[in-house]
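Just so it is clear, none of the values below were taken in a lab; they were calculated from the coordinates. Being a predicted model, the structure only gives us computed values, none of them experimental. Methodologically, a virtual Cβ is constructed for each residue, glycine included, from the backbone with ideal geometry; neighbour enumeration extends over all protein chains shown.
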Amino acid sequence: MEKTVEYVAELMEIAAITAPKALGKNYIVTRVIKGEDLRNLGKRMVSYGEEKGKKNFDRDGKNVLDSQAVLLVGMKDAKAVGLNCGACGFPQCITPNTATEPGEFAGPQCPIRVLDMGIALGSAAKTASMLNVDNRIMYRIGVVAREMRLMDADFIMGIPLSVSGKSIYFDR
């Protein structure tokens, strides 16, 4: 079953990469996490929550430990679209990744590029769902995956994958 779930994760990568993007520019990066990296990610999520006093990192870390794979979807070196739309809060387009005190992710990011990432995540999650593999998009996975340098990206989200009698991500 594990190999099949890993194959589904690879199909999800295709869905994320081929999802529509503003101006046809792709800044989406992906990586499938499995085996020892998966176990280390789950354990680190639990300890990260304890160290930082952040709620639910332990719960989501346990979900990762019970998963067969995780797909990381990130954004790397995304350029602002150039619309001067103001959605980022500024009248002119920002220069991404210029915050002097970055948080859990690099920023600021162009909201249109973040929407691109959301569409990529939705396409990947839809692919897993169509193949009956339980999944859930998780912010906390991305925080810890970035800290662990599991993927070179400025902003990361994770989609854990599981095949069991009930969804471990929603029936908790």
Residue, surrounded by the most Cβ atoms within 10 Å (Cβ to Cβ), within the range 83-110, restricted to residues that are touching a residue at least 24 places away in the same chain (Cβ under 8 Å) and more than 16 Å from the chain's Cα centre (by Cα): 110
Report the residue count in the range 43-81 for those that are closer than 21 Å to residue 124 by Cα and crowded, with 19+ Cβ neighbours inside 10 Å. 14
In the range 111-143, anything within 16 Å of residue 156 (Cα to Cα), without any contact (Cβ under 8 Å) to a residue 40 or more places away in the chain and among the hydrophobic types (A, V, I, L, M, F, W, C) is listed as 137
Identify all residues within the range 109-156 that are aliphatic (A, V, I, L, M), under 18 Å from residue 6 (Cβ atoms), in contact with a strand residue (DSSP E or B) (Cβ under 9 Å, 6 or more places away or on another chain) and in a helix (DSSP H, G or I); write none if there are none. 124, 125, 128, 141, 145
State whether one or more residues within the range 135-155 are over 23 Å from residue 40 (Cβ atoms) and among the hydroxyl-bearing types (Ser, Thr, Tyr). no
Within the range 125-132, can one find any residue that is in contact with a helix residue (DSSP H, G or I) (Cβ under 6 Å, 6 or more places away or on another chain), under 19 Å from residue 33 (Cα atoms) and hydroxyl-bearing (Ser, Thr, Tyr)? yes
